[in-house]
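Only the coordinates and a few stated rules stand behind these numbers; no lab work does. Everything quoted here is computed from the prediction, not taken from an experiment. Using ideal geometry, Cβ is built from the backbone for each residue, glycine included, and neighbour counts are taken over all protein chains shown.
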Amino acid sequence: MKILVIDDNDIYRTLVQTTLTSAGHEVLTASNGYEAFARITAGDARMVVSDWEMPGFSGPELCSKVRSEDLPNYIYFILVSGHDQPEERVAGLAAGADDFIAKPFNPAELIERVRAGERILAMETRDVAIFAMAKLAESRDPETGAHLERVRSYCRVLAQELSGVKKFSDQVDGEFIRLIYLTSPLHDIGKVGIPDCVLLNPGRLNDREFEIMKTHAMLGAETLDAALRTFPGVKFLQMGREIAATHHERWNGKGYPAGLSGENIPLCGRIVALADVYDALTSKRVYKNAFSHDIAKSTIIKDSGEHFDPDVVAAFLRVENRFLEIRDRHAEPLAIAA
Amino acid sequence: MGNTALMGMLFDKFEKQARENMTQISDYLTAGDAVQTARTSHALKGAAGALSAWGVQEVAARIEHAARAGVIDNVLTVIAELQQEVDRCLAYLPTARTSFTGESAFTTGRAA
């Protein structure tokens, strides 16, 4: 991972560069904010160690500009400064800085702060790995297209809406929203264990085949259970497991695999259930055409309190325009949708 | 690059920068340019701090502070003090070069 060191002071820039290089990092340098901004937006570095006061942009100004860009990766931003007043640190944090180090810096401290940043960036890499794992499972099912992208976006919209509902405000916070976006693509990961003759069957499944298909919920949960035994406290694994296990449960207790009902079904499973069904209804399959939003909506309303949690349905109705936006943004290519 | 070579290079950079900044600060003060005085003092303060030249750092910080407050008239009296500290520091550099042991200085992130 490349680190961009920015300092107009040649001596400091050399010291920081040498310290990081000696710790095994690949280091790029820039002597002002303009040059640094160009390198960051070109994707040259994932981490920045920037001086505070520079000609052109100051360190916090550079950080603000980076944060306002729609970059494909998160840039971890460390500000190096002689400014140690609390209000200046607040200004740095408000600009989006992740960490600070004081001048004159201690090399061992700088190396450890960079290492802490690498751990944060590794979490983003983990997020990508989770999605890649889900895509891999999905890749055996050629019909699903951008299903995962749409479902995770529907789930996020529903969770955001529910966070404003008093009944759910304790449970649905920023972390819940982030986690459901991250882990909802894992809902069908158990399909890796379904035989091709069932999974790739282009027509409607007979009863026996459908029983086999239904095992994907527990197969997914068991897969994530194995990871949870090694990392029991990891929240994304916990939510991923709950979603895989419960996204086919129904509010009225007539779903599978456990026949859970009402609030015994974890909220994340209730949210994914609606998002998954909405996407299935509005997508084309070999055995059916894509239904319109209005038909999908009336189906979901009809199933409120039967298949779906009425509160999740109510949230869906309040944000249906955002569902339409997501569906349009991730529309299937015409060749598939026609 | 070994630590001794690195510190030798940093001493060279500091010597050049300190002489340049000293001249610039005098010129900016004479011209009444508080903004550039503050900016250049800040640069010299940073370079001095990197190499533990505390005397230069302290006087440069005072000039920067005064220039930022826009009271550069008073700074004229401090410029002689800065010159004195820069001279003292640069006079010490040959000794620092010969006595410097790369390992100990670099591992503390400071030298001289």
Need pairs with beta-carbon distance below 8 Å; first residue more than 14 Å from chain B (Cβ to nearest Cβ) and β-branched (V, I, T) and within segment A:88-104, second in a loop (DSSP other than H, G, I, E, B) and surrounded by 19 or more Cβ atoms within 10 Å (Cβ to Cβ); sequence gap 6+ or separate chains.
none
Those residues that are away from chain A (no Cβ under 13 Å), buried (at least 18 other Cβ atoms within 10 Å of the Cβ) and in contact (Cβ under 8 Å) with a residue 40 or more places away in the chain, I need them from segment B:3-60; list them, please.
B:M22, B:I25, B:L29
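For (1) buried (at least 18 other Cβ atoms within 10 Å of the Cβ); (2) free of Cβ contacts under 8 Å to residues at least 40 places away in the same chain, each residue gets a yes or a no:
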| position | (1), (2) |
| --- | --- |
| A:K284 | no, no |
| A:I301 | no, yes |
| A:E306 | no, no |
| A:D309 | yes, no |
| A:A315 | yes, no |
For A:G262, work out the one condition from (1) buried (at least 21 other Cβ atoms within 10 Å of the Cβ); (2) touching a Phe, Trp or Tyr at 6+ places or on another chain (Cβ under 8 Å); (3) under 24 Å from A:I301 (Cα atoms) it doesn't fulfil.
(1)
Of all residues in segment A:39-51, how many are within 13 Å of another protein chain (Cβ to nearest Cβ) and surrounded by fewer than 24 Cβ atoms within 10 Å (Cβ to Cβ)?
0
Scan segment B:61-78 and give yes if some residue there is part of a helix (DSSP H, G or I), without any contact (Cβ under 8 Å) to a residue 12 or more places away in the chain and surrounded by 12 or more Cβ atoms within 10 Å (Cβ to Cβ), otherwise no.
yes
Among the listed residues A:N201, A:N206, which satisfies the condition of being free of Cβ contacts under 8 Å to residues at least 24 places away in the same chain, surrounded by 12 or more Cβ atoms within 10 Å (Cβ to Cβ) and not β-branched (V, I, T)?
A:N201
Could you check, for segment A:3-24, whether at least one of its residues is of a type outside the set (S, T, Y), more than 9 Å from chain B (Cβ to nearest Cβ), out of contact with any Asp or Glu (no Cβ under 9 Å at 6 or more places or on another chain) and in contact (Cβ under 8 Å) with a residue 60 or more places away in the chain?
yes
Suppose the filter is touching a residue at least 24 places away in the same chain (Cβ under 8 Å), closer than 22 Å to A:V319 by Cα and in a helix (DSSP H, G or I); does A:R152 pass it?
yes
Candidate set: segment A:271-313, residues that are touching a helix residue (DSSP H, G or I) at 6+ places or on another chain (Cβ under 6 Å) and in a loop (DSSP other than H, G, I, E, B); chosen: the one nearest to A:K167 (Cα to Cα)
A:D309
Residue count, segment A:59-92, condition surrounded by 12 or more Cβ atoms within 10 Å (Cβ to Cβ), among the polar types (S, T, N, Q) and either outside any loop (DSSP other than H, G, I, E, B) or in contact with a strand residue (DSSP E or B) (Cβ under 7 Å, 6 or more places away or on another chain) (or both), comes to 2
